[in-house]
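Contents: one structure, followed by commentary.
The values are calculated or read from the model by the stated rules, or taken from the named source; none is laboratory data. Just so it is clear, the model here is predicted, and its values are computed rather than measured. Positions of Cβ are generated from backbone atoms using ideal geometry, with glycine treated the same way; all protein chains shown enter the neighbour counts. Remember, those area values only see protein heavy atoms, side chains included, never the ligands or the DNA or RNA. Shrake-Rupley method; radii C 1.70, N 1.55, O 1.52, S 1.80 Å.
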Amino acid sequence: MISLPLVAIVLLPFAFAARQPDGGVVHVPITRRSHSNRVANLPKAVEALRKKYGHQLTNVKSTDSKRASTAAIPVTDEENDSSYSGVVSIGTPPQNFNLVLDTGSSDLWVATTSCTSCGSDVPEFNTSKSSTYKATSSPLEIDYGSGSAQGTVAQDSVTFGSFEMSQELLAVSSVTPGLTGDGLSGIMGLGFTSISALQTTPFWEALYNANNLSEPLFSFYLERYVNQANQISAAPGGVFTLGGTNSSLYNGSIEYLDLTGPPSYWLLTVSSVTVQGKTIAIDPLGGLAAIDTGTTLIGAPTPIAASIWAQVPGSTELSGDWQGLYAFPCDTNVTVYMSFGGTNWAISPLDMNLGTLNNTMTGNTMTGNASTTSQMCAGGIFDIGIGSIPNWIVGDTFLKNVYSVFRASPPAVGFAQLASGLSSSTGSSDPNPVQVTGLTPLPTSTCASSSGSSSSASGSSTNSGSPSQSPIKIIALPLSLLASVAGCFILFF
């Protein structure tokens, strides 16, 4: 006979994994997928990132005046860049999808079975199979400059990790090729309500408003694989934590920096950049920066980008389709530090090197005095132009070097030094996945099998913000990082 105490012990982990309406933390490992065609697509990547925050290139169009909005809606261009995605369940019963986790936007949208332009590799939401799906009569088209997504504004049950609530979303019926694909079905925005094209509260912020999070924040640790000898198609990519932080992933304290201006994007002000030991002071009027997990590169204003690369011997600006990108001798270690008014955070030379260029790719478009006899590599900071707000886009080239925290109240972005043994500014990269406990199996798409892989292991997971918190509020579930779709540029190589 099996004793009741034994049964209780066996069932205890499942009780801990249940949704807790009064609060919680989700610690999730991220896997990443890559594509070998990473350097050749750099011009498209740069153009997409310029458009992402451009004044004239990003807008929202609506055929319903009640839904009309002038808010700029930035989005990750998956065809040209790497980005992190998590498994989000939509509908009743739930259908599971990989959606991009993007701090540079605030809306949730997913491709549906009515999508006429979605490829066969896009898992689609079957609205007719959800008993809780409620469509409105409000069609909406979001134009991102590099593409658009259009569909119908709807409401349905959404589950992310162990959290569940009814959420407004865009059920997409048409999308520009490249915005979805290779297992990616849409986007979950992690920005603030004020930039929502749907004029609704983002999922994470709604959880915060309902007091469902242990702490009013979420955090990222992003892996690095640029120093791996072989191309890795799928590998552990880090950890995303919703409702707290994971103290096993960073050392020391978190340096919080107040947002610049009211909450919209996660905006900080770049105060200085140090390159090869030379510090470049940044005018506060030109230092406004969006901290964006949906962007691989770092975009800097034209004069600052020129000043940065002027410190690197042998570097040169590219032209033609590659205009705005810079190249430098591959045997040079480019050392960069960035400050937002506090610590000077180091960027690994590995992250500053995007890969080797050749004449076939660039068409001999190198300018300046650089020697063409040296093997040249593309740099991780590019010229985004001038006249747009924000002035900078700070993406994963920087974020892989820190533990990053996005806090709602008081609104701030925080950075901390990565824990020993993790990918860091020293250039090290541990091929083993981060160890996190309490993980349940990764949900797979109910519409099509994802080509990504999940990873789970045992270890220690903690919530640094509430050391005395009851264990029942520590909830874990795997996420996956899909770093590309077919034909995309990948930073990790």
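Results, tabulated for the structure shown:
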item: Inter-residue pairs, beta-carbon under 9 Å, first free of Cβ contacts under 8 Å to residues at least 40 places away in the same chain and in segment 84-101, second assigned to a loop (DSSP other than H, G, I, E, B) and not acidic (Asp, Glu), 6+ apart; result: PRO93/SER130; PRO93/SER131; PRO93/THR446
item: Counted residues, segment 343-359 - those being part of a strand (DSSP E or B) and more than 24 Å from the chain's Cα centre (by Cα); result: 1
item: Check on LEU184, farther than 18 Å from SER130 by Cβ, in contact with a helix residue (DSSP H, G or I) (Cβ under 7 Å, 6 or more places away or on another chain) and either open to solvent by 20 Å² or more (accessible area, probe 1.4 Å) or of a type in the set (A, V, I, L, M, F, W, C) (or both); result: no
item: Selection status of THR136, part of a loop (DSSP other than H, G, I, E, B) and without any contact (Cβ under 8 Å) to a residue 60 or more places away in the chain; result: no
item: Condition check for THR279: open to solvent by 20 Å² or more (accessible area, probe 1.4 Å) and closer than 19 Å to VAL334 by Cβ; result: yes
item: Candidate set: segment 142-181, residues that are in contact with an Asp or Glu (Cβ under 6 Å, 6 or more places away or on another chain), open to solvent by 30 Å² or more (accessible area, probe 1.4 Å) and part of a strand (DSSP E or B); chosen: the one modelled with the highest pLDDT; result: GLN155
item: Residue, least open to solvent (accessible area, probe 1.4 Å), within segment 304-319, restricted to residues that are touching a helix residue (DSSP H, G or I) at 6+ places or on another chain (Cβ under 8 Å) and not β-branched (Val, Ile, Thr); result: LEU318
item: Number of positions in segment 377-402 that are within 18 Å of SER307 (Cα to Cα), open to solvent by 10 Å² or more (accessible area, probe 1.4 Å) and small (Gly, Ala, Ser); result: 2
item: Residues that are open to solvent by less than 20 Å² (accessible area, probe 1.4 Å), among the aromatic types (Phe, Trp, Tyr) and in a helix (DSSP H, G or I), drawn from segment 187-213; result: PHE203, TRP204
item: THR116, sole failed condition from (1) closer than 21 Å to PHE192 by Cα; (2) in a loop (DSSP other than H, G, I, E, B); (3) modelled with pLDDT of 70 or more; (4) open to solvent by 10 Å² or more (accessible area, probe 1.4 Å); result: (1)
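Each row is one residue, and each column tells you yes or no for (1) among the acidic types (Asp, Glu); (2) over 23 Å from GLN375 (Cα atoms).
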position: LEU267; (1), (2): no, yes
position: SER272; (1), (2): no, yes
position: ASP283; (1), (2): yes, yes
position: GLY294; (1), (2): no, yes
position: ILE304; (1), (2): no, yes
position: GLY320; (1), (2): no, no
position: PHE328; (1), (2): no, no
position: TYR337; (1), (2): no, yes
